[in-house]
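Working notes, beginning with the structure itself.
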Number of protein chains: 2
Amino acid sequence: MAYLIYGIIDSMNYKMMIQYEGTRYSGWQKQGNTQNSIQGRIENALSRMADYPVEIHGAGRTDAGVHAYGQVADFHLQEGIEAEEIREYLNHYLPDDIDVISLETAKERFHSRLNAKEKVYCCRIGTDAYKQVFERKCRYHLGQKLDVKAMRLAAGLLKGKHDFRSFCANRQMKKSTVRNLRDIEIQVEEHEIRLIFRGDGFLYQMVRILTGTLIEVGLKKRVPEEMTNILEGRQRQLAGFTAPAQGLTLMQVMY
Amino acid sequence: MAYLIYGIIDSMNYKMMIQYEGTRYSGWQKQGNTQNSIQGRIENALSRMADYPVEIHGAGRTDAGVHAYGQVADFHLQEGIEAEEIREYLNHYLPDDIDVISLETAKERFHSRLNAKEKVYCCRIGTDAYKQVFERKCRYHLGQKLDVKAMRLAAGLLKGKHDFRSFCANRQMKKSTVRNLRDIEIQVEEHEIRLIFRGDGFLYQMVRILTGTLIEVGLKKRVPEEMTNILEGRQRQLAGFTAPAQGLTLMQVMY
């Protein structure tokens, strides 16, 4: 009976994977003007299709300017509509910097954020003098060489289950700031360095502060051993700068 | 004495390599509003540095919306300035979708276009349903599968020294339309097909008309054998459509 009262009989839950270039947006989460956020854009299109307000939940609340290669979101519709039909509708109405790359029905209780087991973020840092025309929107142009060996030592100390309060931009954070940072891989490419972060969850701006701190190690402004003190100190000002959003991409969400 | 009269004693010739995303521009060549063309933008910056009008000559006159990974251009300055200093000045004043990736002194008589021995163009065609957010500015989104085997047969017939009048958008072309198209390579990638054209020179929109014609073969709207008739007919209307500019990039100029 409860189902009937809340009117969710025959409703359908959907899971979708989304790609976006975040350059033009205020981030994933809608705030005020819904046209400025990825969530708002997708909700507007879905609500237009459904003819009633549809809310979506994303796995990761990417900041303004951060991109996604594989963001995941879920939403309910009051009646089942063929998944591919929804995907085509959305892609028809969404701007060309947002693309729903897949959409499927999901179990009734599937929740993109709460069910996520691991998230993978990639931060690309341009390390030579080139402005890199074709990559400029998705790479942070540092323009300096980095000491990768020192960065790998520091990354080794940051990996694992720690209290990451020093790497959290939310100073009033009341919930636990303990996270399991399963891996930080550092890939050296021709004109850039890529930092790949894997973890069960990330605090507000945690990836960008980790990246900024590792860059400072790579520039020899800090020694790798400092990482232990930063973690133990549990104060934002102990860690490094917040790396710019443009280099960061949410790559994958694992369930 | 002639040198003194024309005032080119101590002048210096320079060669530069330029990368640009052509999306925002009316093409390489300046016409009217110089701010709309790549050439105009670079000339404005150079003239500002030199304090007198400086003209540059590009190897390829890319169309509106066409990109360059390695465009080459040359220019004279009345007095020798250190090459790296010029490059830094230009990159400081140029917008972030144009980048001078190298700049060096050149022989007095070096001319980017006249001395070019071979040019390489790449045309990227998206062949699946994805909108491809991160590649959308540099790939033509066709969204259909192509018969690559048929395209390779057609490409084989187009290769070589031919009169390419049927593949030239300039109907009043009075000069020779014979060109040596040394190779058309067709690469199959995950979400796209790449056509790589190598030749001693290309007519106006030749690469885009070749691409459009090969796409029509790939879509089975034409049979490969037609290529011979198109070449022999020497009429633009015999060939296929002009593929959109956004997928095309001038990759390299060889001397």
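The values are calculated or read from the model by the stated rules, or taken from the named source; none is laboratory data. Keep in mind the model is a prediction, meaning the values are calculated, not measured. Positions of Cβ are backbone-derived with ideal geometry, glycine not excepted, and every protein chain shown enters the neighbour counts. For the accessible areas, the whole protein counts, side chains as well, though only heavy atoms, and no ligand, DNA or RNA atoms are used. Shrake-Rupley method; radii C 1.70, N 1.55, O 1.52, S 1.80 Å.
Applying the selection to region A:128-138, what residues are open to solvent by less than 30 Å² (accessible area, probe 1.4 Å) and in contact (Cβ under 8 Å) with a residue 40 or more places away in the chain? Listed by number, the residues that qualify are A:Asp128, A:Gln132, A:Cys138. For region B:54-94, the set of residues classified as under 27 Å from B:Ile209 (Cβ atoms) and aliphatic (A, V, I, L, M) consists of B:Ala59, B:Ala64, B:Val66, B:Ala68, B:Val72, B:Ala73, listed by residue number. When B:His141 is tested against (1) open to solvent by 30 Å² or more (accessible area, probe 1.4 Å); (2) over 19 Å from the mean Cα position of the chain (by Cα); (3) free of Cβ contacts under 8 Å to residues at least 60 places away in the same chain; (4) within 20 Å of B:Ala239 (Cα to Cα), only condition (4) is not met.
For the criterion of being open to solvent by less than 10 Å² (accessible area, probe 1.4 Å) and β-branched (Val, Ile, Thr), A:Ile86 passes. Any residue at all in region A:22-29 that is away from every other protein chain (no Cβ under 14 Å), among the polar types (S, T, N, Q), in a loop (DSSP other than H, G, I, E, B) and within 26 Å of A:Tyr121 (Cβ to Cβ)? Yes - at least one qualifying residue is present in region A:22-29. Which condition number in (1) touching a residue at least 12 places away in the same chain (Cβ under 8 Å); (2) farther than 19 Å from B:Leu248 by Cβ; (3) away from chain A (no Cβ under 14 Å) is the one that B:Leu114 fails? Tallying (1) touching a residue at least 12 places away in the same chain (Cβ under 8 Å); (2) farther than 19 Å from B:Leu248 by Cβ; (3) away from chain A (no Cβ under 14 Å), B:Leu114 fails exactly one: (1). Of all residues assigned to region B:54-76, none qualifies as being without any contact (Cβ under 8 Å) to a residue 40 or more places away in the chain, at positive phi and among the small types (Gly, Ala, Ser).
So is A:Glu108 facing chain B (nearest Cβ under 10 Å) and open to solvent by 20 Å² or more (accessible area, probe 1.4 Å) or not?
The answer is no for A:Glu108.
Scanning region A:30-46 for residues that are polar (S, T, N, Q) and either assigned to a loop (DSSP other than H, G, I, E, B) or closer than 16 Å to A:Asn91 by Cβ (or both) yields A:Gln31, A:Asn33, A:Ser37, A:Asn44. Filter region A:117-149 down to the residues that are more than 24 Å from B:Arg87 (Cβ to Cβ) and away from chain B (no Cβ under 14 Å) and list them by number. Across region A:117-149, the qualifying residues are A:Lys117, A:Glu118, A:Lys119, A:Val120, A:Tyr121, A:Cys123, A:Asp147, A:Val148, A:Lys149. Name the residue that is farthest from the other protein chains (Cβ to nearest Cβ), counting only residues in region A:89-102 that are touching a residue at least 12 places away in the same chain (Cβ under 8 Å) and open to solvent by 20 Å² or more (accessible area, probe 1.4 Å). Checking each candidate, the answer is A:Tyr89.
Using the structure shown, decide if B:Ile125 is surrounded by 15 or more Cβ atoms within 10 Å (Cβ to Cβ) and closer than 16 Å to B:Ser47 by Cβ. Against the criterion (surrounded by 15 or more Cβ atoms within 10 Å (Cβ to Cβ) and closer than 16 Å to B:Ser47 by Cβ), B:Ile125 does not qualify. One residue stands out in region A:39-53 among those that are small (Gly, Ala, Ser) and without any contact (Cβ under 8 Å) to a residue 24 or more places away in the chain: the one that is least open to solvent (accessible area, probe 1.4 Å), namely A:Gly40. Is it the case, given these coordinates, that B:Val54 is under 23 Å from B:Asp97 (Cα atoms), within 17 Å of the chain's Cα centre (by Cα) and among the hydrophobic types (A, V, I, L, M, F, W, C)? Against the criterion (under 23 Å from B:Asp97 (Cα atoms), within 17 Å of the chain's Cα centre (by Cα) and among the hydrophobic types (A, V, I, L, M, F, W, C)), B:Val54 does not qualify.
The residues of region B:69-83 that are within 14 Å of chain A (Cβ to nearest Cβ) and either of a type in the set (A, V, I, L, M) or open to solvent by less than 10 Å² (accessible area, probe 1.4 Å) (or both), listed by number, are B:Gly70, B:Gln71, B:Ala83.
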